[in-house]
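To start, the structure itself, in structure tokens.
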Amino acid sequence: MPDRSKQRVVAELPDLPDDPDVSAAALSFAEHVYDLELAECVWREVDVGARTFSGMRCRDVRFERCDFSGAVLDGAALTRVHFVECRLTGVVFSGTELSDVVIDGGVANLANLRGSTSTFLCVRNTSLRGADFYDARLRNCALHDCDLTDIDLSQARIDGLSLHGSTLDSIRGVSALVDAGLSIDTDQVVPLGVALVAGLGVRTGPRPAEPR
């Protein structure tokens with residue numbers, strides 16, 4: 001078990017027993033599921049696309065190659081949860097509390113994280129095209145080697161964010177990254193500068209006419 005008394009700088013993976021309960025693809029759910037609680041278990045290739053989960057609580061859970069496309073988990077609480085090569089396209093995490101959540105691979109285009117609170121969220125090698133972080137709170141988070149095309153950070157409150165290896169030239173609400181404890185690679189400075197200039201509404205073009 002990890003020593004949580006020490007100050008951390010990265011997310012923790014689920015603390016699973018040596019022989020966790022594993023639920024496979026045959027698992028099925030109603031369209032609306034209430035008060036589901038998962039702990040110290042693994043879901044493998046489970047399809048819960050377009051399902052709605054109200055009051056969902058997950059602690060020390062790994063989801064492997066599961067389909068959450070269009071699923072609604074608003075207001076859920078996820079602690080030490082690992083998504084491995086899952087389909088998260090259009091998933092709704094609005095108002096969700098994510099603590100030590102790791103998303104590895106897969107796709108999360110158009111994911112909705114409006115108003116969510118994330119501490120030690122780590123997303124790696126994942127497409128987040130069009131993801132919505134409007135009014136989200138991000139603390140000590142990382143989006144590494146991700147496609148961030150057209151993600152929206154408007155009104156986001158950020159305290160520590162690593163974007164190493166990710167695309168930065170078309171982020172919306174890019175002003176949220178100012179004084180946010182941002183870290184990037186040296187070769188990302190120019191793309192980020194382009195995004196900041198665009199976010200300020202600066203235009204390039206011919207010099208206007210002057211009085212003569």
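Odds and ends about this structure:
- All conditions in (1) more than 12 Å from the chain's Cα centre (by Cα); (2) open to solvent by 10 Å² or more (accessible area, probe 1.4 Å) hold for residue 73, with the sole exception of (2).
- The condition (being of a type in the set (Asp, Glu) and either under 12 Å from the mean Cα position of the chain (by Cα) or within 27 Å of residue 15 (Cα to Cα) (or both)) is satisfied by just one residue among 100, 169, 179: 100.
Residues are listed down the side, and each one gets a yes or a no for (1) touching a strand residue (DSSP E or B) at 6+ places or on another chain (Cβ under 9 Å); (2) free of Cβ contacts under 8 Å to residues at least 60 places away in the same chain; (3) within 25 Å of residue 25 (Cα to Cα):
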{"position": "76", "(1), (2), (3)": "yes, yes, yes"}
{"position": "80", "(1), (2), (3)": "yes, no, yes"}
{"position": "108", "(1), (2), (3)": "yes, yes, yes"}
{"position": "127", "(1), (2), (3)": "yes, yes, yes"}
{"position": "137", "(1), (2), (3)": "yes, yes, no"}
{"position": "143", "(1), (2), (3)": "yes, yes, no"}
{"position": "153", "(1), (2), (3)": "yes, yes, no"}
{"position": "161", "(1), (2), (3)": "yes, yes, no"}
{"position": "177", "(1), (2), (3)": "yes, yes, no"}
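This table checks each residue for (1) farther than 23 Å from residue 45 by Cα; (2) acidic (Asp, Glu); (3) in contact with an Asp or Glu (Cβ under 8 Å, 6 or more places away or on another chain).
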position	(1), (2), (3)
80	no, no, yes
133	yes, no, yes
142	yes, no, no
159	yes, yes, no
165	yes, no, yes
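- Test: residue in the stretch 178-194 that is farther than 17 Å from residue 94 by Cα and buried (at least 21 other Cβ atoms within 10 Å of the Cβ): no
- Restricting the stretch 87-114 to residues that are β-branched (Val, Ile, Thr) and open to solvent by 20 Å² or more (accessible area, probe 1.4 Å), the residue that is nearest to residue 153 (Cα to Cα): 92
- Which numbered condition residue 40 misses (of (1) at negative phi; (2) surrounded by fewer than 16 Cβ atoms within 10 Å (Cβ to Cβ)): (1)
- Candidates 149, 117, 126, filtered to the one that is surrounded by 22 or more Cβ atoms within 10 Å (Cβ to Cβ) and not basic (Lys, Arg): 126
- Only one entry in 22, 84, 10, 48 is open to solvent by less than 30 Å² (accessible area, probe 1.4 Å) and not aromatic (Phe, Trp, Tyr), namely 48.
The values are calculated or read from the model by the stated rules, or taken from the named source; none is laboratory data. Everything quoted here is computed from the prediction, not taken from an experiment. Please note: Cβ atoms are built from the backbone with ideal geometry, for glycine as well, and neighbour counts cover all protein chains shown. Note: areas computed on protein heavy atoms with side chains; ligands, DNA, RNA excluded. Shrake-Rupley method; radii C 1.70, N 1.55, O 1.52, S 1.80 Å.
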